[in-house]
Every structure is written in structure tokens, then in C-alpha cells.
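Trainee: For reference, the structure I am asking about is given below.
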Amino acid sequence: MAAPTDPTAPVLTVGFDLDMTLIDSRPGIRATYLELTARTGVHVDADLAVTRLGPPLEQEIREWFPEERVDEASELYRELYPLYAVAPTPAMPGAREALKAVHAAGGRTLVVTAKFEPSAKLHLDYLGLDVDILVGSLWAEAKAEALRAHGATVYVGDHTGDVRGARAADALSVAVASGPCGAAELRAAGADVVLDDLTGFPGWLAGYVAEDAASV
């Protein structure tokens, strides 16, 4: 059952994905997989793994470890993550400006990510990204639970799974072609808006807010 809509939500609540939407997590994730290989002796092609970010960690771990070791390897990865992944990870172009644009419009920002929530918080804190609400460990359609609970009317992400999450929540899907999925793939998945990256988001949001105000 979906969580009830937050009655205190402002008129505008915009959700964002994290990896490859707000942050370029490839360098840090690559470094963590290399260390996981060193610690376990199980080869993980880190360069390949970072080309398919988005789904939960366990999905990628299953590509390299037998099922009986998935939990163990995932736990070790999460232990290594703060040491190897946070410092090398930069914000994506336009990320700060996108979050500021939402606040400037009187709205609030919500991050809904498949990433382990404590790891996601480390990134936001390290980079100083101004996010009002963070919800982790949700992927694809399951993201709709958090989007509905917090009254998000827009969800921004880079993966077709993010498009599915937005649609499941009846939120407008704004896709950025800055991750593993190209613009055509995002459109085919049902994205309502496709931007090259977040640098175009403030301009789009200004038009969206103006149009919404005119319709009232």
C-alpha cells in the first residue's frame, strides 16, 4: 500500500534521482569495485559496471558473484563505499542550479534513489547539495511510494527505471540523458520531457511553473 500523501506538502515538490542525475558517481563506484575485487579475489569489471548504473547494487553484484555470496559481497561493498566512493564523486553539471531553481520557485527538493540511503546522504553532505528530503533503497516503480508520500508532481532522472517510477506515481517524468540511457530510449520509455542534462532544468522549470500558474 502506498504511503498517504503529505498534506503539508508545498504546491511544488520536485523529486530527483541521484546517480548520474545529481552526481557523477562513476569514479567512486569504480574505485569501490576495484577494492572489492582486491578484498574478495573475485574479478569485477569496474569499467563495465559503471556503464549500467541505476538498478540496486545487488543486481550488479549478481553479475560477478554466485548467489550464495551476494549478501556478503554487497555488505562489504557498502562498508568500503564511504572510504572509496565519496571523495572522488563530483556533482553533475547543473545540479546545484537545478536544486536552487526549485527552492527559488517556493518548492522543496526530494531525492529518491536506489542507493543505500546512508551512502546517498554522504554524497549530499560532502557536496553540499541542498536537498530537503532523502529516501533511499527504492528502484523503478517502487519509487512511486516516496513520490506520492511527499506529494511530488515532477520526478527527474536519467534511467528508464526513473521514468517508470514517475509514471507509477502520476508525476511528470523529466528525463536527463546524462546517464546510461539515451534520449531516444528515455522518450520511448514514456518520458514527458527529455533534457540533455540538468543545465537545462532551471529554464524548463520556469516555463512549467508559469504555465501551471496560468492554468489556475
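Trainee: Residues 39, 52: which one is within 16 Å of residue 158 (Cβ to Cβ) and of a type in the set (Lys, Arg)?
Mentor: So the residue among 39, 52 that is within 16 Å of residue 158 (Cβ to Cβ) and of a type in the set (Lys, Arg) is 52.
Condition check ((1) part of a loop (DSSP other than H, G, I, E, B); (2) in contact with a Leu (Cβ under 6 Å, 6 or more places away or on another chain)) across all residues:
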| position | (1), (2) |
| --- | --- |
| 75 | no, no |
| 87 | yes, no |
| 103 | no, no |
| 106 | yes, no |
| 111 | no, yes |
| 119 | no, no |
| 142 | no, no |
| 147 | no, no |
| 152 | yes, yes |
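Trainee: Look through 195, 127, 186 and report the one residue that is surrounded by fewer than 19 Cβ atoms within 10 Å (Cβ to Cβ) and touching a strand residue (DSSP E or B) at 6+ places or on another chain (Cβ under 7 Å).
Mentor: Numbers: 195 fails: surrounded by fewer than 19 Cβ atoms within 10 Å (Cβ to Cβ); 186 fails: surrounded by fewer than 19 Cβ atoms within 10 Å (Cβ to Cβ).
Selected residue: 127, the only one of 195, 127, 186 that is surrounded by fewer than 19 Cβ atoms within 10 Å (Cβ to Cβ) and touching a strand residue (DSSP E or B) at 6+ places or on another chain (Cβ under 7 Å).
Trainee: Here is a further query. Quick check on residue 138: is it under 16 Å from the mean Cα position of the chain (by Cα) and part of a helix (DSSP H, G or I)?
Mentor: No; evaluated as a whole, the condition is false for this residue.
Trainee: Take the residues of region 14-46 that are part of a loop (DSSP other than H, G, I, E, B) and not hydrophobic (A, V, I, L, M, F, W, C): which is farthest from the chain's Cα centre (by Cα)?
Mentor: The selected residue is 41.
Trainee: In region 72-99, what count of residues is obtained for those that are among the basic types (Lys, Arg) and either free of Cβ contacts under 8 Å to residues at least 40 places away in the same chain or in contact with a strand residue (DSSP E or B) (Cβ under 8 Å, 6 or more places away or on another chain) (or both)? Break it down into steps so the answer makes sense when it comes.
Mentor: Taking region 72-99 first, the residues among the basic types (Lys, Arg) are 78, 96.
Narrowing further to those that are either free of Cβ contacts under 8 Å to residues at least 40 places away in the same chain or in contact with a strand residue (DSSP E or B) (Cβ under 8 Å, 6 or more places away or on another chain) (or both): 96.
Going through region 72-99 one residue at a time, the tally reaches 1.
Trainee: Quick check on region 59-75: of everything there that is open to solvent by less than 50 Å² (accessible area, probe 1.4 Å) and closer than 29 Å to residue 182 by Cα, which residue is nearest to the chain's Cα centre (by Cα)?
Mentor: 60
Trainee: In this structure, is residue 163 under 12 Å from the mean Cα position of the chain (by Cα), assigned to a strand (DSSP E or B), modelled with pLDDT of 95 or more and among the aliphatic types (A, V, I, L, M)?
Mentor: no
Trainee: Another question, then. Looking at residue 4 and the list (1) modelled with pLDDT of 95 or more; (2) farther than 18 Å from residue 137 by Cβ; (3) not β-branched (Val, Ile, Thr); (4) not in a helix (DSSP H, G or I), which single condition is not satisfied?
Mentor: (1)
Trainee: So residue 42 fits all but one of (1) in contact with a Ser or Thr (Cβ under 9 Å, 6 or more places away or on another chain); (2) open to solvent by less than 70 Å² (accessible area, probe 1.4 Å); what number is the exception?
Mentor: The single condition residue 42 does not satisfy is (1).
Trainee: Let me ask something else about it. Looking at region 112-133, is at least one residue under 10 Å from the mean Cα position of the chain (by Cα) and farther than 19 Å from residue 26 by Cβ?
Mentor: Yes, because at least one residue in region 112-133 is under 10 Å from the mean Cα position of the chain (by Cα) and farther than 19 Å from residue 26 by Cβ.
Trainee: Moving to a separate point now. Cβ-Cβ distance below 8 Å, separation of 6 or more or different chains: which pairs start in region 187-210 with a residue that is on the phi > 0 side of the Ramachandran plot and end on one that is among the aliphatic types (A, V, I, L, M) and open to solvent by less than 60 Å² (accessible area, probe 1.4 Å)?
Mentor: Final answer for the pair search is 190/163.
Trainee: Can residue 11 be described as modelled with pLDDT of 95 or more, more than 23 Å from residue 158 (Cα to Cα) and part of a loop (DSSP other than H, G, I, E, B)?
Mentor: No.
Trainee: Please work out which one of (1) in contact with a strand residue (DSSP E or B) (Cβ under 6 Å, 6 or more places away or on another chain); (2) at pLDDT below 95; (3) of a type in the set (A, V, I, L, M, F, W, C) is the condition residue 152 fails and give its number.
Mentor: (2)
Trainee: How about region 50-71: which of its residues are outside any helix (DSSP H, G or I) and either without any contact (Cβ under 8 Å) to a residue 60 or more places away in the chain or over 24 Å from residue 141 (Cα atoms) (or both)?
Mentor: Those that are outside any helix (DSSP H, G or I) and either without any contact (Cβ under 8 Å) to a residue 60 or more places away in the chain or over 24 Å from residue 141 (Cα atoms) (or both): 50, 62, 63, 64, 65, 66.
The values are calculated or read from the model by the stated rules, or taken from the named source; none is laboratory data. Being a predicted model, the structure only gives us computed values, none of them experimental. Neighbour counts are summed over all protein chains in view; Cβ atoms, including those assigned to glycine, are modelled from backbone coordinates with ideal geometry. Side chains are part of the model used for accessible areas, which takes the heavy atoms of the whole protein and leaves out ligands, DNA and RNA. Shrake-Rupley method; radii C 1.70, N 1.55, O 1.52, S 1.80 Å.
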